[in-house]
Amino acid sequence: MKKTEQEALHAEHRPENIARRLQRSPQSTRVSDLVLGGIDGCITTFAIVSGAFGAGFSAAVVLVLGFANLLADGFSMAVSNFEAVAAQREHLEAARRTEERHIHLVPEGEREEVRQIFAAKGFSGDTLEKIVATITANRALWIETMLSEEYGLSRTRHRPAASALATFAAFVAVGAVPLLPFLFPQLSMPLRFAASALLAALMFFVIGMLKSLVYGQPTLRSGFKTLLFGGTAAALAFLTGYLLPRLFGIGVT
């Protein structure tokens, strides 16, 4: 470990910095919304570009299909993410109401649950009893402990509308990039497709790298991995668009 990194870690773990960090409320997973929307937007849009080019469609058709898909799929994905995050929040609130009711009706039973939870972690005797007494003396702490330990739920804030908006914005912004070369009529179709492929590959690689920086993964490996997945989806779409008209005798006008 480099000295500067070690010094930074020591600074982060000073008592005042630890206290400040732990007092912050957990943030919602907005990064995952952006990554998911960006990757899916680029994959689906470039898949349409690849399929349409493979089928021999004109640039106008590519643009119409691409932008129609961009808005429709982006909205659909945003709605799906909204519903998923809303369901998570509803599940958390339902579990919270259940624990509040149980603590009110059977407090001794709930204390025993806390006791057994921390006994399973290796605490015993007076230490265990002090932990139980401390947690159950604070109703809010008691409930949060049960939500975390019994239900496995985190304190992450669930904001369905913000998650949906982040997903839609990333989907449209990144997904529009592969369509840009088709806005230039002076370029030939093969050149437009090549430029679109390069831009899509760049988007896949950049998203993978950004994801690695957030989640502490190897940067280049994450970039190439995302590029591989996106490229595979595009290749399948290209082959489908190329082969189906020829297999079924569908003419392209």
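The values are calculated or read from the model by the stated rules, or taken from the named source; none is laboratory data. Just so we're clear, the structure is a prediction, and the values are computed from it rather than from any experiment. So basically every Cβ, Gly included, is an ideal-geometry build from the backbone, and we count neighbours across all protein chains shown.
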Does Arg159 meet the test of being modelled with pLDDT of 75 or more, closer than 24 Å to Val79 by Cβ, within 26 Å of the chain's Cα centre (by Cα) and of a type outside the set (A, V, I, L, M, F, W, C)? yes
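Among the candidates Gly152, Gly241, which residue alone is more than 17 Å from Asp40 (Cα to Cα) and crowded, with 17+ Cβ neighbours inside 10 Å? Break it down into steps so the answer makes sense when it comes.
On the way: Gly152 fails: crowded, with 17+ Cβ neighbours inside 10 Å.
From the options Gly152, Gly241, the qualifying one is Gly241.
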Residues of segment 84-121 classified as of a type in the set (Asp, Glu) and within 34 Å of the chain's Cα centre (by Cα), total: 5
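Every residue in segment 106-147 that is hydroxyl-bearing (Ser, Thr, Tyr) and more than 23 Å from Leu92 (Cα to Cα), please.
Residues of segment 106-147 hydroxyl-bearing (Ser, Thr, Tyr): 124, 127, 134, 136, 145.
Answer for segment 106-147, where residues must be hydroxyl-bearing (Ser, Thr, Tyr) and more than 23 Å from Leu92 (Cα to Cα): Ser124, Thr127, Thr134.
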In this structure, does Asp73 turn out to be modelled with pLDDT under 90, surrounded by 10 or more Cβ atoms within 10 Å (Cβ to Cβ) and among the acidic types (Asp, Glu)? no
From (1) touching a residue at least 40 places away in the same chain (Cβ under 8 Å); (2) surrounded by fewer than 15 Cβ atoms within 10 Å (Cβ to Cβ); (3) in a helix (DSSP H, G or I), pick out the condition that doesn't hold for Arg221. (1)
Where Phe184 falls short, out of the listed (1) at pLDDT 90 or above; (2) buried (at least 17 other Cβ atoms within 10 Å of the Cβ): (2)
